[in-house]
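The values are calculated or read from the model by the stated rules, or taken from the named source; none is laboratory data. Treat the numbers as computed from the prediction; the structure is a model and nothing was measured. Ideal geometry is used to build each Cβ from the backbone, glycine not excepted, and the neighbour counts take in all protein chains shown.
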Amino acid sequence: MEGDFTAHQLSPSSWNRYEECPRKYWLSRQRLPRKASMPAAMGTAVHNSVEDLCNLDLSDKDDSEIAWLPPTSKAVLDRHWALERDIFLATPRHPRWKDEMITKAHDGLVGALNILFSKSNMGKVALSEVTVAQWKQVQSIVLSNEGTLVSECGRLMGRLDLLVADLDENGDSKGWIVADLKTGNPPKQKLNEKVSRQLRFYRDLLKEINPDHPPVYAEGWYSSNQTVHRADGPSVLDDAFAAWEGMRPTEEPLEGTPGDLQCGFCEWKAWCPTWWAARRDGTLSPGSMFRDEVVRAVKFDPESGAALFDSVGALVGVGSLFVQDAKPDQSSSPGNMFIPIELLKTVIDDLVTYGKSPAPPRPWLGIYSMEALGRVLVTSVAGDGPAEDAGVEPGDVVAAVNGSEVSSLADLYRKVWATGQAGVTVELELLRDSDVLTIAVETSDRSARMKLPRSH
């Protein structure tokens, strides 16, 4: 491609963002941390479960077998639900994870399967009565799932949930159906314009890529009430190419157009001064904004702690650790651990003069970790640090120190520090995927890596 011809791609979601608020679209391209969404996590779990079931290998089952689909679909959904939960809780910006929503996810999965049954000319049938042969029939009409579409020029892209054969009453294919699985609220009468445009975008892009295509239709499948809504209308590709031109990457932020609709579900508003100004000026409806308040550190020194001030600006503590479960009785309650300033006053003179405490240096592992659900997860390791040299990897779970079980982030540090001074060798028991590893880490003095002030 010439120059920056494909420097960006337009998708239905990016197109919507740009039209709602150019600043929202611009921020979405800056690789800023997104806020986890419970509805999005549920939708992903249902989508991925449908995909796995459509790709299921049933060669070891008898075609007449029944009562296999309910436990199989439950196991598949439970696995994806657990995966989404882990991703959700590992995201620094997230609300409360709602375990109770798995019931809604289960209903959504059943609804999606029932739509697939109807498209296979099976009619209404209970999951417990579906035979292996019938499910193979369903699989046979699924031509593609989770497929990516890219225009020949590279400017437009979309991701299909399902491409299925459109069957006539005799079971013969008469065309293709581009299906987008929806786990949200269904329309009361007809599709709204944005959803209709999304579906037609997939339809038209598929037709462009496949010149010899049969008749192609686009449908929104709403699993909550098991309804199907067809998107009819002219091609949207000319409009998409025109929008692509206005969405070229820029160094300077694009204009923001704040409003309750645009800002309500914006994942990037925490970094948007337009949003802050609109809240201050009363342009937006009042409401809680705590979860979206952030401080962006332009320069961040990982060796430094954060300062904690009281309401009158007095220093009352220095940040030590970030933990995911700050309240022992509640999961997913992130917080910071601070050292009270009173404890630092006894060593402040030495810290100012020498840059360190006169006490013997504590053993340092060189890992950066977080606590979630009673587990300590290694998020990263210091370059050329003790842990990296020993083979500790991001994603490892620290289960024990010198054979003693680790129950929290604070517990990890207490057990490591109790082993002696810097230089002592510490045995870490790690969980990595399905393996249990024991790795010996030769600790070091962390202060030796820091640039200390000159003594005069």
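Here is a check on your reading of the model: is residue 123 in the same structural domain as residue 17 (by TED's automatic domain parsing) and over 17 Å from residue 73 (Cα atoms)? The answer is yes for residue 123. Annotation: of all residues in the range 153-173 being among the charged types (D, E, K, R) and part of a strand (DSSP E or B), the one that is modelled with the highest pLDDT is 166.
Residues in the range 401-421 that are outside any helix (DSSP H, G or I), surrounded by fewer than 18 Cβ atoms within 10 Å (Cβ to Cβ) and not acidic (Asp, Glu): 402, 403, 404, 407, 408, 418, 419, 420, 421. The helices (runs of 4 or more DSSP H) falling completely within the range 1-98 that include 2 or more residues that are of a type in the set (Asp, Glu) map to 12-20, 38-54, 69-90. Any residue in the range 254-277 that is at pLDDT below 95, in contact with a Gly (Cβ under 8 Å, 6 or more places away or on another chain) and of a type in the set (A, V, I, L, M, F, W, C)? The answer is yes; a qualifying residue exists. Within the range 116-125, at least one residue is free of Cβ contacts under 8 Å to residues at least 12 places away in the same chain and at positive phi. Residue count for the range 174-210, restricted to those that are assigned to a helix (DSSP H, G or I) and of a type in the set (S, T, N, Q): 2. In the range 70-101, what residues are among the hydrophobic types (A, V, I, L, M, F, W, C) and free of Cβ contacts under 8 Å to residues at least 12 places away in the same chain? Once the filter is applied, which keeps residues that are among the hydrophobic types (A, V, I, L, M, F, W, C) and free of Cβ contacts under 8 Å to residues at least 12 places away in the same chain, the range 70-101 yields 75, 82. The set of residues in the range 178-207 that are small (Gly, Ala, Ser) and crowded, with 19+ Cβ neighbours inside 10 Å comprises 179, 196. Out of curiosity, is residue 389 more than 22 Å from residue 90 (Cα to Cα) and in a loop (DSSP other than H, G, I, E, B)? Criteria not met by residue 389.
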